[in-house]
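Below is one structure, written out as structure tokens, with a few remarks after it.
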Amino acid sequence: MNKIKSLFIGIFPVFAMGVSVYGIYILVNSGMNFVWLGAVLISLPVILFFSRVMIFKDMPRTSAHFPLITTVAVLGLMLSVYGFVQSASGPADNPELIASNKLGMILASLGFIAYLLYNFWYSSLDRLPNAALQAGQSLPAFSALGVDGEVVDSSTFEGAPAIFLFFRGNWCPLCMAQITEIVAQYRELSALGAKVVLLAPQPEKNTQALADKFNVPFVFLTDEGNRAAQALGIAMENGLPTGMEVLGYDKDTVYPTVLIVDGDGVILYSDLTDNYRVRPEPEEFLKVLRANAQLA
């Protein structure tokens, strides 16, 4: 299934962009047309969302199902249907307009279906329950590569609370926004004695670039071969969007995961999100660490 999702997310933005550009072209050159206006209202908000996320990389999370964008998409479909019905019941003396409206109705329908698939199917990770990563369990042992190329074992972090953030890679804009958000809290986290460990299955040079970019006292690790994710049961086979392989990423990635452990390696908190766009607020981490500090 992940292979199909990977292909879908590689095609969907391109399709939405094409419909948006062509629909706007039709509206500018042919005047108001409800069929094409509806098609644009379905596809354009999706492109604006993707563009905002990719360019600014400042959106660590969204609502689960985009209520505003969904409302606009439904309105767009209704406008397209209305315009198509109106034109179909009118005089058939303009075959070019009729053909254009048929194409617009087809693209509006496909765009609406594709949007629903993205919102409710692709965004859902379909994670299986993971009893080993629940609060109260000992963190399973794993290892990864540090920026110096040395193997770092999870036992290294015992003795102090630690936050382990498994992210999909530098290519993921929501992951980068989430990391930026946590970096902004590093003083509060350090004051609570917590180590922050960031892990991703990506080329080592990307991990080094990330460490250089933020320049904070976090631990940046490369999960070579996705072995740490496999040890924890959070590996996502074929999860990389189609096309990202050209940037050196492996087709397998990791489910976005946050684990907070105490000094003994016992899990205090786990976020195993089932929607890649829904992620915890950093304030949750601070609350967990403060509660742990009070018990210490």
**Search result, residues across region 285-296 that are free of Cβ contacts under 8 Å to residues at least 60 places away in the same chain and surrounded by 17 or more Cβ atoms within 10 Å (Cβ to Cβ)** = VAL288
**Message:** Return the residues of region 265-296 that are among the aromatic types (Phe, Trp, Tyr) and assigned to a strand (DSSP E or B); say none if nothing qualifies.
**Reply:** TYR269
**Asked** Out of the residues in region 93-115 that are among the charged types (D, E, K, R) and assigned to a helix (DSSP H, G or I), which is surrounded by the most Cβ atoms within 10 Å (Cβ to Cβ)?
**Response** LYS102
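What about TRP121, is it among the aromatic types (Phe, Trp, Tyr), modelled with pLDDT of 95 or more, in a loop (DSSP other than H, G, I, E, B) and out of contact with any strand residue (DSSP E or B) (no Cβ under 6 Å at 6 or more places or on another chain)? Give the steps one after another, and end with the answer.
Numbers: among the aromatic types (Phe, Trp, Tyr): yes; modelled with pLDDT of 95 or more: yes; in a loop (DSSP other than H, G, I, E, B): no; out of contact with any strand residue (DSSP E or B) (no Cβ under 6 Å at 6 or more places or on another chain): yes.
When the stated conditions are applied, TRP121 does not pass them.
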**Asked** Counting residues that are under 17 Å from the mean Cα position of the chain (by Cα), which helices (runs of 4 or more DSSP H) fully inside region 169-233 reach at least 2?
**Response** 173-183
**Prompt:** Does region 257-267 contain at least one residue that is in the same structural domain as ALA184 (by TED's automatic domain parsing), without any contact (Cβ under 8 Å) to a residue 60 or more places away in the chain and touching an Asp or Glu at 6+ places or on another chain (Cβ under 8 Å)?
**Reply:** no
**Message:** Suppose we filter PHE12, PHE66, PHE50, PHE34 for residues that are aromatic (Phe, Trp, Tyr), modelled with pLDDT of 95 or more and in contact with a Pro (Cβ under 7 Å, 6 or more places away or on another chain); which single one remains?
**Reply:** PHE50
**Prompt:** In the set ASP126, ASP148, which member is in contact (Cβ under 8 Å) with a residue 12 or more places away in the chain, exposed (fewer than 12 other Cβ atoms within 10 Å of the Cβ) and charged (D, E, K, R)?
**Reply:** ASP126
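Matching residues to (1) in contact with a strand residue (DSSP E or B) (Cβ under 9 Å, 6 or more places away or on another chain); (2) closer than 20 Å to ASP271 by Cα; (3) modelled with pLDDT of 95 or more:
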{"residue": "GLY76", "(1), (2), (3)": "no, no, yes"}
{"residue": "VAL81", "(1), (2), (3)": "no, no, yes"}
{"residue": "LYS102", "(1), (2), (3)": "no, no, yes"}
{"residue": "GLY111", "(1), (2), (3)": "no, no, yes"}
{"residue": "ALA114", "(1), (2), (3)": "no, no, yes"}
{"residue": "ALA141", "(1), (2), (3)": "yes, yes, yes"}
{"residue": "ASP153", "(1), (2), (3)": "yes, no, yes"}
{"residue": "PHE157", "(1), (2), (3)": "yes, yes, yes"}
{"residue": "PRO161", "(1), (2), (3)": "yes, yes, yes"}
**Item:** Among the candidates ALA209, ALA191, residue that is closer than 22 Å to PRO282 by Cα, hydrophobic (A, V, I, L, M, F, W, C), in the same structural domain as ASP274 (by TED's automatic domain parsing) and surrounded by fewer than 16 Cβ atoms within 10 Å (Cβ to Cβ)
**Value:** ALA191
**Asked** What number goes with the only condition from (1) at pLDDT 95 or above; (2) closer than 25 Å to MET1 by Cα; (3) of a type outside the set (A, V, I, L, M) that GLY248 does not pass?
**Response** (1)
**Complete:** Exactly one of ALA160, ALA132 is assigned to a helix (DSSP H, G or I) and either in the same structural domain as SER270 (by TED's automatic domain parsing) or in contact (Cβ under 8 Å) with a residue 24 or more places away in the chain (or both), and that residue is ALA132
**Complete:** Note on region 244-264: residues part of a strand (DSSP E or B) and within 11 Å of GLY169 (Cα to Cα) are THR253, VAL254
**Complete:** Going through region 23-40 in order, the residues found to be within 29 Å of the chain's Cα centre (by Cα), buried (at least 24 other Cβ atoms within 10 Å of the Cβ) and among the hydrophobic types (A, V, I, L, M, F, W, C) are ALA39, VAL40
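Kindly establish whether SER143 is within 15 Å of ALA228 (Cβ to Cβ) and not assigned by TED's automatic domain parsing to the domain that holds VAL35. Quick ask: steps written out before the conclusion?
Details: within 15 Å of ALA228 (Cβ to Cβ): yes; not assigned by TED's automatic domain parsing to the domain that holds VAL35: yes.
Considered against the rule, which asks whether it is within 15 Å of ALA228 (Cβ to Cβ) and not assigned by TED's automatic domain parsing to the domain that holds VAL35, SER143 comes out as yes.
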**Message:** Here is a list: PRO282, PRO256. Which entry is within 30 Å of ASN119 (Cα to Cα) and surrounded by 21 or more Cβ atoms within 10 Å (Cβ to Cβ)?
**Reply:** PRO256
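Kindly indicate the residue of region 151-181 that is of a type in the set (Gly, Ala, Ser) and within 17 Å of LEU232 (Cα to Cα) and also surrounded by the fewest Cβ atoms within 10 Å (Cβ to Cβ) among those meeting that condition. Break it down into steps so the answer makes sense when it comes.
Taking region 151-181 first, the residues of a type in the set (Gly, Ala, Ser) are 154-155, 159-160, 162, 169, 177.
Still in the list and also within 17 Å of LEU232 (Cα to Cα): 154-155, 162.
On the way: SER154: 21, SER155: 12, ALA162: 24.
By that ranking, first place goes to SER155.
The values are calculated or read from the model by the stated rules, or taken from the named source; none is laboratory data. Small disclaimer: the values here were computed from a predicted structure and weren't measured. Here the Cβ is made from the backbone with ideal geometry for all residues, glycine too, and neighbour counts use every protein chain on show.
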